[in-house]
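A.B. asks: Take a look at this one; I'll ask things after.
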Amino acid sequence: MKILEQLITSFIATGAFGIIFNAPTQSLVKCGLVGMFGWLIYVVMVDQRADVVLATLSATFLVAVISHILAKAYKTPVIIFSVSGVIPLVPGGLAYDAMRNFVQNDYGHAVSLAAEAFLLSGAIAFGLVFSEVLNQVIRKINHHEQVK
Amino acid sequence: MEVMNHSTEEVMEVCLLAGKIMLQSGAETYRVEDTMMRMAAAFGIRQSHSYVTPTGIIFSAEGTGPTRTKLTRISERSTDLKKVTMVNSISRSISSFEIDLLEAKHLLKEVDLQNLTFPFSVQVAAAAIASGCFLIMFNGTWNDFLPSMIAGGCGFLGLVYFHRFLPIKFFSEFLASFIIGLLSALFVKLGVGQELDKIIIGSVMPLVPGLLITNAVRDLMAGHLVSGLSKGAEAFLTAFAIGSGIAVVLSFL
């Protein structure tokens with residue numbers, strides 16, 4: 001039940017982000033699906049007590065890989081799909097908590113939260129980079145086969 | 001391969017126009033450079049160099065005669081993925097020689113002038129719905145769904161209106177998140193909402209600089225260090241503005 005709730009809300013939220021970013025109308029549903037799969041991975045992994053950084057990394061990687069596949073299939077730029085898919089994974093809550101602790105003069109706690117938020121952003125970056133690398137490697141291999 | 005002969009001037013104009021539209025609509029730096037050079041090559045300019053930063057494009061083409069270089073300044077950037085897609089497909093049809101220079105120029109000018117965004121009311125509605133959904137995704141209760149929707153929608157509305165009134169991005173983001181914080185605190189005080197933290201986090205999400213972060217990383221990895229760093233700085237500034245807006249409200253509680 002909880003998973004279903006998460007799936008539906010993440011689908012709608014990512015699709016709505018597609019509207020804010022003015023993605024082409026016919027790609028809105030695909031944006032939503034990309035975001036939904038990413039969030040599914042994240043939620044399931046966090047539920048299984050996996051590390052949050054690892055969960056974010058895997059979710060971002062999946063989002064980026066699906067985006068690459070969709071972009072190739074529909075001949076559109078990758079960012080249309082990846083941008084809205086990555087949004088739910090952005091550590092907004094942690095950044096907020098860090099800010100809140102800063103305001104309440106609890107600097108020690110605030111810095112550790114900020115560090116965690118920074119690590120999560122790094123995980124998002126790495127997820128995107130890994131998929132980019134994978135994409136380039138596949139392209140290279142295909143290219144080599146064509147040359148042969 | 002059929003190579004069309006055009007004056008270098010005209011080709012450069014078309015390439016720069018395409019680059020300008022893409023950069024203003026939030027495309028990645030490497031895509032802008034790549035598109036411009038591909039277009040130039042399709043129009044018969046073998047050697048071209050483009051240097052793209054978030055605030056300007058320098059494009060240089062070696063055609064017949066001396067090398068020409070042109071500069072375009074980009075002052076206003078927004079997110080409009082539809083325009084990116086359209087210019088991308090125009091550049092594809094140029095590369096496969098389906099349309100000629102005049103046609104391309106005409107199409108690009110059309111794209112440049114068109115206002116393709118969703119109606120403003122739809123955007124605000126989308127922001128509101130997204131805020132509500134994010135609340136649920138961050139383990140909020142359904143009771144807080146409506147307060148979060150209202151706060152998120154008003155925040156987005158505020159962002160756009162403040163930006164129209166005073167085009168300083170940092171300030172409009174600050175005010176927007178301030179409104180969100182204020183509304184959320186009000187809702188909790190009135191007893192309409194329960195968890196202040198969750199409501200604020202959910203409503204702030206539409207302001208989060210997701211596109212900037214994604215593009216900054218991709219640019220950095222593609223070796224566009226200047227663009228990557230400046231986009232990262234922009235994203236950081238936005239995050240800072242949102243954070244301080246909320247912080248001001250929190251410090252009064």
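The values are calculated or read from the model by the stated rules, or taken from the named source; none is laboratory data. Everything quoted here is computed from the prediction, not taken from an experiment. Quick reminder, even Gly has a Cβ in these numbers, built from the backbone with ideal geometry, and neighbours come from all protein chains shown.
A.B. asks: Filtering region B:61-92 down to residues that are hydrophobic (A, V, I, L, M, F, W, C) and either in contact with a strand residue (DSSP E or B) (Cβ under 6 Å, 6 or more places away or on another chain) or more than 14 Å from every other protein chain (Cβ to nearest Cβ) (or both), which residue is surrounded by the most Cβ atoms within 10 Å (Cβ to Cβ)?
C.D. replies: Ranking the qualifying residues of region B:61-92, first place goes to B:ALA61.
A.B. asks: Would you check if B:PHE97 is in contact with a Cys (Cβ under 8 Å, 6 or more places away or on another chain) and either away from chain A (no Cβ under 11 Å) or crowded, with 16+ Cβ neighbours inside 10 Å (or both)?
C.D. replies: For B:PHE97, the condition - in contact with a Cys (Cβ under 8 Å, 6 or more places away or on another chain) and either away from chain A (no Cβ under 11 Å) or crowded, with 16+ Cβ neighbours inside 10 Å (or both) - is not met.
A.B. asks: Give region B:180-213 a look and list any residue that's within 23 Å of the chain's Cα centre (by Cα) and in contact (Cβ under 8 Å) with a residue 40 or more places away in the chain, or say none.
C.D. replies: Of the residues in region B:180-213, the ones within 23 Å of the chain's Cα centre (by Cα) are B:180, B:201-213.
Correct list: B:ILE180, B:ILE201, B:GLY202, B:SER203, B:VAL204, B:MET205, B:PRO206, B:LEU207, B:LEU211.
A.B. asks: Being surrounded by fewer than 20 Cβ atoms within 10 Å (Cβ to Cβ), in contact with a Gly (Cβ under 9 Å, 6 or more places away or on another chain) and either part of a helix (DSSP H, G or I) or at pLDDT 80 or above (or both) is the filter here; which residues of region B:206-227 pass it?
C.D. replies: Answer for region B:206-227, where residues must be surrounded by fewer than 20 Cβ atoms within 10 Å (Cβ to Cβ), in contact with a Gly (Cβ under 9 Å, 6 or more places away or on another chain) and either part of a helix (DSSP H, G or I) or at pLDDT 80 or above (or both): B:LEU220, B:MET221.
A.B. asks: Among the listed residues A:PHE130, A:PHE81, identify the single one that is among the aromatic types (Phe, Trp, Tyr) and in contact with a Phe, Trp or Tyr (Cβ under 6 Å, 6 or more places away or on another chain).
C.D. replies: Result: A:PHE130 is the single residue among A:PHE130, A:PHE81 that is among the aromatic types (Phe, Trp, Tyr) and in contact with a Phe, Trp or Tyr (Cβ under 6 Å, 6 or more places away or on another chain).
A.B. asks: Another question, then. List the number of the failed condition for B:SER7; all other conditions in (1) among the small types (Gly, Ala, Ser); (2) surrounded by 15 or more Cβ atoms within 10 Å (Cβ to Cβ); (3) at pLDDT below 90 hold.
C.D. replies: (2)
A.B. asks: Another one. Give the residue that is surrounded by the fewest Cβ atoms within 10 Å (Cβ to Cβ), with candidates limited to residues of region B:117-134 that are within 7 Å of chain A (Cβ to nearest Cβ) and assigned to a loop (DSSP other than H, G, I, E, B).
C.D. replies: B:THR117
A.B. asks: Another question, then. Tally the residues that are within 15 Å of B:LYS20 (Cβ to Cβ) and part of a helix (DSSP H, G or I), restricting the search to region B:38-83.
C.D. replies: 3
A.B. asks: Only one of A:VAL43, A:VAL83, A:VAL29 is surrounded by fewer than 15 Cβ atoms within 10 Å (Cβ to Cβ) and either within 27 Å of B:SER121 (Cα to Cα) or touching a helix residue (DSSP H, G or I) at 6+ places or on another chain (Cβ under 6 Å) (or both). Can you tell me which? Walk me through how you get there before you give the answer.
C.D. replies: On the way: A:VAL43 fails: surrounded by fewer than 15 Cβ atoms within 10 Å (Cβ to Cβ); A:VAL83 fails: surrounded by fewer than 15 Cβ atoms within 10 Å (Cβ to Cβ).
Matching residue, one of A:VAL43, A:VAL83, A:VAL29: A:VAL29.
Matching residues to (1) touching a Ser or Thr at 6+ places or on another chain (Cβ under 7 Å); (2) free of Cβ contacts under 8 Å to residues at least 60 places away in the same chain; (3) away from chain B (no Cβ under 11 Å):
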{"position": "A:SER10", "(1), (2), (3)": "no, no, no"}
{"position": "A:THR14", "(1), (2), (3)": "yes, no, no"}
{"position": "A:ASN22", "(1), (2), (3)": "yes, yes, no"}
{"position": "A:PHE37", "(1), (2), (3)": "no, yes, yes"}
{"position": "A:THR56", "(1), (2), (3)": "no, no, yes"}
{"position": "A:THR60", "(1), (2), (3)": "no, no, no"}
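A.B. asks: Any residue at all in region A:49-64 that's within 16 Å of B:LYS82 (Cα to Cα), surrounded by fewer than 22 Cβ atoms within 10 Å (Cβ to Cβ) and aromatic (Phe, Trp, Tyr)?
C.D. replies: No; the residues of region A:49-64 include none that is within 16 Å of B:LYS82 (Cα to Cα), surrounded by fewer than 22 Cβ atoms within 10 Å (Cβ to Cβ) and aromatic (Phe, Trp, Tyr).
A.B. asks: Here is a check on your reading of the model: is B:SER230 buried (at least 20 other Cβ atoms within 10 Å of the Cβ), among the small types (Gly, Ala, Ser) and either in a helix (DSSP H, G or I) or assigned by TED's automatic domain parsing to the domain that holds B:ALA27 (or both)?
C.D. replies: no
A.B. asks: Taking helices (runs of 4 or more DSSP H) that fall entirely within region A:1-114, which contain at least 3 residues that are over 23 Å from B:VAL217 (Cα atoms)?
C.D. replies: Where helices (runs of 4 or more DSSP H) fall fully within region A:1-114 and carry at least 3 residues being over 23 Å from B:VAL217 (Cα atoms), they are A:2-20, A:28-47, A:92-103.
A.B. asks: Here's something else I'd like to know. Out of all the residues in region A:96-148, which are of a type in the set (Asp, Glu) and at pLDDT 85 or above?
C.D. replies: A:ASP106, A:GLU116, listed by residue number.
A.B. asks: In region A:38-50, what residues are farther than 19 Å from A:VAL129 by Cβ and not polar (S, T, N, Q)?
C.D. replies: A:TRP39, A:LEU40, A:VAL43, A:VAL44, A:MET45, A:VAL46, A:ASP47, A:ARG49, A:ALA50
A.B. asks: Can B:ILE58 be described as among the aliphatic types (A, V, I, L, M), away from every other protein chain (no Cβ under 14 Å) and surrounded by fewer than 16 Cβ atoms within 10 Å (Cβ to Cβ)? First the steps, then the outcome.
C.D. replies: Details: among the aliphatic types (A, V, I, L, M): yes; away from every other protein chain (no Cβ under 14 Å): yes; surrounded by fewer than 16 Cβ atoms within 10 Å (Cβ to Cβ): yes.
Yes, satisfied.
A.B. asks: Out of B:PHE134, B:PHE165, which single residue is touching a residue at least 24 places away in the same chain (Cβ under 8 Å), of a type in the set (Phe, Trp, Tyr) and not assigned by TED's automatic domain parsing to the domain that holds B:SER25?
C.D. replies: When all the criteria are applied, what remains is B:PHE134.
A.B. asks: Within region A:119-144, count every residue that is surrounded by fewer than 18 Cβ atoms within 10 Å (Cβ to Cβ) and either of a type in the set (Ser, Thr, Tyr) or more than 24 Å from A:SER67 (Cβ to Cβ) (or both).
C.D. replies: 1
A.B. asks: May I pose another question? Return the only residue of B:LEU107, B:LEU102 being surrounded by 16 or more Cβ atoms within 10 Å (Cβ to Cβ), more than 14 Å from chain A (Cβ to nearest Cβ), free of Cβ contacts under 8 Å to residues at least 40 places away in the same chain and in a helix (DSSP H, G or I).
C.D. replies: Criteria check complete, one pass: B:LEU107.
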